[in-house]
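The values are calculated or read from the model by the stated rules, or taken from the named source; none is laboratory data. Please read these numbers as outputs of a predicted model, since none were measured by experiment. Reconstructed Cβ throughout: ideal geometry from the backbone, glycine too, with neighbour counts over all protein chains shown.
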Amino acid sequence: MTDFEAQVLADLSVLKNQMATLLGDGNSGRIAAIEQRVSRHEQSFQRAKGFAVASGGLITLAQFAIELLRHR
């Protein structure tokens, strides 16, 4: 085996280990962990949007009630 072949095999081994870390080797890898974090973030963002819409509706109703009472 030449030095070049040994270097190629060593680099291939490093690459294989990095791919196993990234994708996972039966367990969740880094990509799966990132996907889970993004999913949790999107869920939190959707909840925040829903809360903002609900709060806006309640504030609008409160202002409408105040205006009705003011003009009586």
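Before we move on, is VAL38 modelled with pLDDT of 95 or more, of a type outside the set (D, E, K, R) and either out of contact with any Asp or Glu (no Cβ under 7 Å at 6 or more places or on another chain) or not in a helix (DSSP H, G or I) (or both)? Taking the combined requirement at face value, the residue satisfies it. Given the structure, is ALA52 modelled with pLDDT under 95, part of a helix (DSSP H, G or I) and not polar (S, T, N, Q)? In short, no.
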